Amino acid sequence: MGQFIPLAIMAAGTLAQQSETERVTRKQDEATAQGLLSQSRRQQDADRRVSDEVNNVAASTSSDERAQRLGEYVTQLQRGRKQAVAGLEAPFGGTTFQADTGAARAGADAAAQTTAGLMSRIDAPQLQRQGEAFGYGRLATDIDMAARDSRGQQFIDQMRLRAIRRRPEVDLVAGLATAAGGAMAGGGGGMMGAASAPQYGANYYGVWNPNTMGVA
């Protein structure tokens, strides 16, 4: 029974050290997994952003730009139409003159519409490429910001991982317990050995023993 207490103290110290090691390992694994998950989510966001831009470019046509530029040309023509056809809207002249001026106005409007359509078709591809270039620029900015955020988060994750350390007070108590148990076990063993050793030189009854060459 006397040897059980030192062994129990040593076992408790060793168990405390193992438990602290497992705690630190578990915390480190959790922090590492959390960091990897965070980086994976950021990578997925970046991949999604690139995929969206690629899809936008793949579906890009010049129809929207052409319609927009045509509308701008038509608006500009409407603003200047009054001056362009001022001489063709005179309230004088006969029926033939009025018919001719009306035809001239219609021809001028048609020519203006045709010119506007042609100019919008010419401008549309350039506007399309400009829009795509702006999209590429926004994509590059977004990716750069995502990379900076990723590096910052990675630095924070590394700092958090380095902060996970063994608790010195636990190691101290466990070490003292292990050392104390070892000392007690060593000292108790010596005393028990001394108490149980045979008393050479005399037998139990105090008579001459030729084997021990002595008397009690």
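All of the numbers you see were taken from the coordinates with simple rules; none came from a lab. Note that the coordinates shown come from a computational prediction; the quantities given were computed from them, not determined experimentally. All Cβ positions, glycine included, derive from the backbone under ideal geometry; neighbour counts span all protein chains shown.
Some observations on this one:
- When each of the peptides 160-170, 4-14 is scored by the mean number of other C-beta atoms lying within 10 Å of its residues, the order from highest to lowest reads 4-14, 160-170.
- For 37, 77, order by how many other beta-carbon atoms lie within 10 Å, fewest first: 37, 77
- Net length available on complete extension from residue 74 to residue 153 is 23.2 nm, with 0.36 nm assigned per residue and the Cα-Cα distance removed.
- Extended-chain gain in nm, criterion 0.36 nm per residue less alpha-carbon gap, residue 146 and residue 127: 4.0 nm
- Whole-angstrom Cα spans of segment 1-51 along principal axes, big to small: 74, 9, 5
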